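Written below as structure tokens is the structure these notes are about.
The values are calculated or read from the model by the stated rules, or taken from the named source; none is laboratory data. A quick note: this is a predicted structure, and the numbers were derived from the prediction, not measured. Methodologically, a virtual Cβ is constructed for each residue, glycine included, from the backbone with ideal geometry; neighbour enumeration extends over all protein chains shown. Heads up: the accessible areas ignore ligands, DNA and RNA and are worked out on the full protein's heavy atoms, side chains in. Shrake-Rupley method; radii C 1.70, N 1.55, O 1.52, S 1.80 Å.
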Amino acid sequence: MPRILLVMGMAGALAGCRGRDSIELRLENVGSAPLESLVIYTTGRPYRVGNLSPGTSMRMMVGADGESHIEVEHGRVERRRSRVGTYFESGYGGSITMRLAPDSVVAVLDSIRI
């Protein structure tokens with residue numbers, strides 16, 4: 001009996017390891033101006049990116065505390081915040097690619113899996 005509990009406990013611990021930052025997020029600036037002071041928000045977590053120059057991209061890992069979507073905020077003086085139509089929860093995996101311009105979210109490719 002103790003062996004079964006040990007195996008079940010280890011399986012639960014391994015399943016929980018994926019939940020922290022398990023979504024790969026790729027950001028592409030397809031605009032002609034930089035995205036300044038860029039911050040990505042998920043439920044319970046801000047990710048401070050900094051500046052993203054025109055024509056460049058970057059990758060990062062993100063996660064959430066519970067049910068979440070992504071919000072993108074940028075701008076040095078006037079802050080602009082946009083909600084991105086994605087859905088994931090803690091423990092989900094996969095990737096999201098976002099093509100951004102200073103005035104809009106141009107495209108989103110969502111490959112999220114449970």
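Summary table
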{"quantity": "Matching residues, the stretch 35-65, being assigned to a loop (DSSP other than H, G, I, E, B) and either in contact with a His (Cβ under 9 Å, 6 or more places away or on another chain) or open to solvent by less than 30 Å² (accessible area, probe 1.4 Å) (or both)", "calculated": "T43, G63, A64"}
{"quantity": "Subset of the stretch 83-114 [of a type in the set (S, T, N, Q), surrounded by 15 or more Cβ atoms within 10 Å (Cβ to Cβ), at pLDDT below 95 and not in a loop (DSSP other than H, G, I, E, B)]", "calculated": "T86"}
{"quantity": "Every residue from the stretch 23-46 that is touching an Asp or Glu at 6+ places or on another chain (Cβ under 9 Å), farther than 18 Å from L109 by Cβ and of a type in the set (S, T, Y)", "calculated": "S37, Y41, T43"}
{"quantity": "Inter-residue pairs, beta-carbon under 7 Å, first of a type in the set (F, W, Y) and in the stretch 78-91, second in a strand (DSSP E or B), 6+ apart", "calculated": "Y87/H69; F88/I23; F88/S68; F88/I112"}
